[in-house]
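Participant: Just passing along the structure, written as structure tokens.
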Amino acid sequence: MANHKSSLKRIRQTAARKAHNHYYAKTARNAVRDLRKTTDKAAAAAALPKVSSMLDKLAKRHIIHVNKAANLKSKLARFVNKLG
């Protein structure tokens, strides 16, 4: 167990940040998964900007890496374009 007030506070802050980051990362993963399940091109095209925005926000806040967000957005855009 930590012996300093500053370490106790750091532990509390880390736990709060981890919970916050986990919620937003999980929400974005679910949105990506739902978009990949979509078979309707119009619905997928409408959802793509929202999902891309979520990924950009995660990358901006350093929850996921910038390149991971770019790769996911690229793959999702290719997926939407292939739908017929």
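Participant: Towards the positive end of the charge dipole of the stretch 1-62, with charges on Cβ (+1 Lys, Arg; -1 Asp, Glu), say which of Val32, Ala16, Ala46 has the farthest Cα.
Facilitator: Ala16
Participant: Also: Mind checking the per residue accessible area of the chain for me, 1.4 Å probe, whole number of Å²? Don't skip to the end; give the middle numbers.
Facilitator: Working: 6430 Å² over 84 residues.
Computed with neighbouring chains in place, this is 77 Å² per residue.
Participant: Pick the calculated Cα Rg over 2.2 N^0.38 Å for this structure from (1) 1.45; (2) 1.14; (3) 1.03?
Facilitator: Comparing each candidate, only (1) matches the computed number.
Participant: Measure up Lys37/Lys60; Lys5/Lys60; Lys18/Lys68; Lys41/Lys73; Lys26/Lys60 against 22 Å on the Cα-Cα distance and list the ones that go over.
Facilitator: On the way: Lys37/Lys60 26 Å; Lys5/Lys60 31 Å; Lys18/Lys68 19 Å; Lys41/Lys73 16 Å; Lys26/Lys60 16 Å.
Long pairs (Cα-Cα over 22 Å): Lys37/Lys60; Lys5/Lys60.
Participant: Considering only protein heavy atoms and a 1.4 Å probe, what is the carbon-and-sulfur percentage of the accessible area of the stretch 11-84?
Facilitator: Details: 3060 of 5350 Å².
Roughly 57 percent of what the probe reaches on the stretch 11-84 is carbon or sulfur.
Participant: For the chain, set up a Gaussian network in which alpha carbons nearer than 10 Å are linked by springs, and say which option among Arg12, Arg61, Arg29 fluctuates the most.
Facilitator: Arg12
Participant: Can you work out the FRET efficiency for the pair Ala43 and Ser74, with r the C-beta to C-beta distance and R0 = 22 Å, to the nearest 0.05?
Facilitator: Details: r = 20 Å, r/R0 = 0.91.
Rounded to the nearest 0.05, the efficiency is 0.65.
Participant: Something else about it: Please report the relative contact order for the chain, taking Cα pairs under 8 Å with a sequence separation of at least 6, and give it as a percent rounded to a whole number.
Facilitator: Working: 42 pairs, mean separation 26.0, N = 84.
So the answer I get is 31 percent.
The values are calculated or read from the model by the stated rules, or taken from the named source; none is laboratory data. Just so we're clear, the structure is a prediction, and the values are computed from it rather than from any experiment. Note that we place each Cβ from the backbone using ideal geometry, even for glycine, and neighbour counts take in every protein chain shown. Ligands, DNA and RNA are stripped out before the accessible areas are found, and what is left, the full protein with its side chains, is counted by its heavy atoms. Shrake-Rupley method; radii C 1.70, N 1.55, O 1.52, S 1.80 Å.
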